[in-house]
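The values are calculated or read from the model by the stated rules, or taken from the named source; none is laboratory data. Keep in mind that this is a model prediction, so the values were computed, not measured. Using ideal geometry, Cβ is built from the backbone for each residue, glycine included, and neighbour counts are taken over all protein chains shown.
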Amino acid sequence: MLLTISTTVRPATELGFLLHKHPDRVQEFGQSYGTARVFYPEASEERCTAALMLEVDPVALVRTRGRTSPDFSLSQYVNDRPYAASSLLAVAIGDVFRTARAGRCNARPELAAAALPLEITLPAMPCRGGADLARRLFEPLGWQVEARAVPLDEQFPEWGDSRYVRLELRGGVRLADALNHLYVLLPVLDDGKHYWIAPDEVDKLIRAGEGWLRGHPERGLITRRYLGRRPTLARTAFARLAELGDETEEALEPAVEEEPAPEPQQEPKAVPLNTLRREAVLAKLEELGAATVIDLGCGSGQLVGALLGRPRFTRVTGVDVSPLALAIAARKLKLDRMPDTKRARLTLFQGALTYTDKRFAGYDAAVLMEVIEHVDPPRLAALERVVFGHAKPAHVLVTTPNVEYNPRYEFLTGLRHNDHRFEWTRAEFTAWATRVAAEYGYRVAFAPVGEADPELGPPTQMGVFTHEH
Ligand code: SAH
């Protein structure tokens with residue numbers, strides 16, 4: 001089983017830093033089902049290729065069968081697993097490139113955050129749904145996809161195609177995103193019987209899918225297949241996805257090709273947390289009488305859209321560091337079809353909150369909704385300076401998770417998102433906000449968002465900063 005990742009970024013050998021694997025060495029990683037090796041078939045300034053090769057030991061594979069280990073329905077010793085990229089490869093990606101997948105690289109933070117020219121090749125991928133499904137899954141994520149069915153035997157084309165596909169992906173994608181795409185979509189394409197039986201698979205899916213799954217047109221199929229078509233897990237995942245973002249209804253609708261979940265929904269549908277958050281922020285902005293608002297880290301533009309829907313907000317700006325987020329925002333806001341009067345109130349631009357930017361200044365209020373926890377703690381001081389020191393709006397609204405509430409999420413094992421650098425207790429957030437307010441001449445008040453647990457507090461905490469003139 002082989003996967004290669006190439007880049008032509010200059011110097012291309014930086015790939016070694018990003019993957020946390022040195023280009024000069026072959027490295028081995030023992031896995032419960034065999035050995036994963038990482039090596040570099042080419043490593044020059046112009047082009048660098050990292051290969052992940054998986055050698056599956058069928059005996060080890062069988063021996064590790066158990067509740068939490070790979071469980072293959074195929075006959076035990078004779079199966080195609082050793083020869084095809086599949087869910088095991090995804091497991092290896094998850095394990096061997098764990099740090100790279102989280103987008104962390106202290107040596108090259110700016111490269112880890114940037115879209116890089118990447119090429120990914122998988123010579124033999126089991127693919128239920130064929131080359132066409134591979135395209136449907138990867139193209140919306142910004143990949144150019146070449147997927148060709150592998151013939152059963154090249155000597156005998158009349159025998160037809162095997163169920164394998166040679167897959168080549170090309171695109172300008174962040175390396176961490178690329179690895180997460182593979183981590184989720186390889187097993188989805190394989191759709192064999194996986195070991196996905198542990199409830200924390202929901203968590204893994206949500207984390208690996210952060211930033212792309214909720215907006216993916218095939219998210220229903222992806223979620224159902226990834227979770228082995230277990231309706232209960234899939235519903236949990238849909239609820240979590242809805243909470244993160246968009247289009248709850250759509251995500252909850254069963255895909256046509258797959259069986260709908262049979263269990264009736266007993267409880268009244270709860271309002272997703274992200275809706276409550278948006279409503280809380282809107283209400284606060286109205287209460288403060290803000291007319292011009294800048295949404296810092298606007299993501300897919302939900303708040304921006306809601307602000308534009310209310311004429312009292314005369315100037316609305318969304319900023320994000322991620323071009324993909326901005327592209328999604330532009331699509332969701334239907335920017336191309338927006339009436340001129342509305343369009344005139346809106347500005348969207350790319351920017352980083354850790355660098356001073358004149359364009360952030362001149363608003364009544366700035367919103368940092370679920371953003372600070374995405375910033376590395378050592379960079380947080382820069383964000384504070386940029387927002388509270390330079391942009392200096394009359395009001396700043398900050399929301400962030402209350403980590404104390406996390407035990408209330410049934411399947412959550414770590415932080416709420418893959419990309420969160422931290423999550424704070426109420427005391428930690430209060431201390432941070434109080435310190436920042438004092439340092440930059442603001443006063444701060446706190447408000448809970450979402451239904452509070454009597455002991456653990458609300459799911460989201462909000463700080464409302466007001467400049468003291
Ligand atoms: N505010 C939105 C999105 C939250 S997700 C909402 O509540 O739905 C966090 C967003 O912050 C992401 O879109 C991410 O790209 C953006 N972000 C993270 N670090 C950033 C930085 N340093 N500068 C600008 N945007 C950043």
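So here's what we get for this one:
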{"item": "Conditions (1) crowded, with 20+ Cβ neighbours inside 10 Å; (2) at pLDDT below 95; (3) within 19 Å of the chain's Cα centre (by Cα); (4) under 25 Å from ASP453 (Cβ atoms): number failed by VAL375", "result": "(4)"}
{"item": "Residue list for the stretch 170-184, filter: of a type in the set (Val, Ile, Thr) and part of a strand (DSSP E or B)", "result": "VAL173"}
{"item": "Neighbours by Cβ (under 8 Å, 6+ apart or cross-chain): first from the stretch 26-42, at pLDDT below 85; second in a strand (DSSP E or B) and among the charged types (D, E, K, R)", "result": "GLY34/GLU55"}
{"item": "All positions within the stretch 404-416 that are surrounded by fewer than 18 Cβ atoms within 10 Å (Cβ to Cβ) and within 16 Å of the ligand (Cβ to nearest atom)", "result": "LEU415"}
{"item": "Unmet requirement for PHE465, which otherwise passes all of (1) under 26 Å from the mean Cα position of the chain (by Cα); (2) buried (at least 18 other Cβ atoms within 10 Å of the Cβ)", "result": "(1)"}
{"item": "The stretch 271-294 residues that are in the same structural domain as VAL316 (by TED's automatic domain parsing) and more than 11 Å from the ligand (Cβ to nearest atom), paired with ones that are among the basic types (Lys, Arg) and part of a strand (DSSP E or B) (beta carbon under 8 Å, 6 or more apart)", "result": "ALA291/ARG315; THR292/ARG315; VAL293/ARG315"}
{"item": "Subset of the stretch 417-445 (residues that are within 25 Å of TYR363 (Cα to Cα), out of contact with any strand residue (DSSP E or B) (no Cβ under 6 Å at 6 or more places or on another chain) and aromatic (Phe, Trp, Tyr))", "result": "TRP432, TYR440"}
{"item": "Single residue of the stretch 295-315 satisfying the filter (more than 7 Å from the ligand (Cβ to nearest atom) and not hydrophobic (A, V, I, L, M, F, W, C)) that is nearest to the chain's Cα centre (by Cα)", "result": "GLY301"}
{"item": "Positions within the stretch 93-130 being touching a strand residue (DSSP E or B) at 6+ places or on another chain (Cβ under 8 Å), in a helix (DSSP H, G or I) and more than 23 Å from ALA51 (Cβ to Cβ), in sequence order", "result": "ALA113, GLY130"}
{"item": "PRO339 within 24 Å of ALA431 (Cα to Cα) and more than 13 Å from the ligand (Cβ to nearest atom)", "result": "no"}
{"item": "Test result for ASP419, touching a residue at least 12 places away in the same chain (Cβ under 8 Å), under 27 Å from GLY441 (Cβ atoms) and within 11 Å of the ligand (Cβ to nearest atom)", "result": "no"}
{"item": "Failed item in (1) of a type outside the set (Gly, Ala, Ser); (2) surrounded by 13 or more Cβ atoms within 10 Å (Cβ to Cβ); (3) modelled with pLDDT of 90 or more; (4) out of contact with any Phe, Trp or Tyr (no Cβ under 6 Å at 6 or more places or on another chain), with ASN79 passing the rest", "result": "(3)"}
{"item": "Answer residue from the stretch 344-366, given it is touching a residue at least 60 places away in the same chain (Cβ under 8 Å) and outside any loop (DSSP other than H, G, I, E, B) and is surrounded by the most Cβ atoms within 10 Å (Cβ to Cβ) among those", "result": "ALA366"}
{"item": "Which numbered condition GLY318 fails, given (1) buried (at least 22 other Cβ atoms within 10 Å of the Cβ); (2) in a helix (DSSP H, G or I); (3) more than 8 Å from the ligand (Cβ to nearest atom)", "result": "(2)"}
{"item": "The one condition in (1) buried (at least 18 other Cβ atoms within 10 Å of the Cβ); (2) among the aliphatic types (A, V, I, L, M); (3) in a helix (DSSP H, G or I) that LEU397 fails to fulfil", "result": "(3)"}
{"item": "Filter pass, THR341 being surrounded by fewer than 17 Cβ atoms within 10 Å (Cβ to Cβ), hydroxyl-bearing (Ser, Thr, Tyr) and over 21 Å from the mean Cα position of the chain (by Cα)", "result": "yes"}
